[in-house]
Amino acid sequence: MRRKITKRKLGEIREDRSDWARVDTMTGRNLERAIAADPDADVSNLDWTKARLVLPQRKESIHLRVDPEVLSWFRNKGRGHLTRMNAVLRAYVEAHQKNHPRR
């Protein structure tokens, strides 16, 4: 049986930890000082000349048979169970490539 896909907005998925009430009470000058004090805010000195676009590798769709308890375990971990299964398989491949290159 297929489960329904539920759509959520980004704000519903992630908890917002920003103190917006504090930001609302800040004056323009205080806000500028806070931004200037933030080391991550200054991007003017970054060198973008060697930047390159890296696109994610396209995944291949396959039919895969797995034990019911294995699928259940991954599904019970929440959304993204197929991504996690892929990550486990990738880690396995990478570990074996280091131990047995080109087999």
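Observations
- Condition met for LEU89 (modelled with pLDDT of 90 or more and either surrounded by 10 or more Cβ atoms within 10 Å (Cβ to Cβ) or touching a strand residue (DSSP E or B) at 6+ places or on another chain (Cβ under 8 Å) (or both)): yes
- Hits in the stretch 27-83 - residues which are touching a helix residue (DSSP H, G or I) at 6+ places or on another chain (Cβ under 7 Å) and charged (D, E, K, R): ARG75, LYS77
- Hits in the stretch 1-49 - residues which are assigned to a loop (DSSP other than H, G, I, E, B), under 30 Å from ARG79 (Cα atoms) and modelled with pLDDT of 75 or more: ARG17, SER18, ASP19
- Residue in the stretch 50-57 that is surrounded by 10 or more Cβ atoms within 10 Å (Cβ to Cβ), outside any helix (DSSP H, G or I) and within 17 Å of the chain's Cα centre (by Cα) present: no
So that you can scan it fast, the table gives a plain yes or no per residue for (1) free of Cβ contacts under 8 Å to residues at least 12 places away in the same chain; (2) on the phi < 0 side of the Ramachandran plot; (3) of a type in the set (Ser, Thr, Tyr); (4) touching a Phe, Trp or Tyr at 6+ places or on another chain (Cβ under 6 Å):
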site	(1), (2), (3), (4)
GLY28	yes, yes, no, no
ALA36	yes, yes, no, no
PRO39	yes, yes, no, no
TRP48	yes, yes, no, no
PRO56	yes, yes, no, no
LYS59	no, yes, no, no
ILE62	yes, yes, no, no
SER72	yes, yes, yes, no
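- Taking every residue in the stretch 85-100 that is closer than 20 Å to LYS59 by Cα and pairing it with any residue that is assigned to a helix (DSSP H, G or I) and modelled with pLDDT of 90 or more, at least 6 positions away or on another chain, the pairs with Cβ-Cβ distances below 9 Å are MET85/VAL70; MET85/LEU71; MET85/PHE74; VAL88/PHE74.
The values are calculated or read from the model by the stated rules, or taken from the named source; none is laboratory data. Note that the structure is predicted; figures quoted are calculated from it, not measured. Note that each Cβ is placed from the backbone with ideal geometry, even for glycine, and that neighbours are counted across all protein chains shown.
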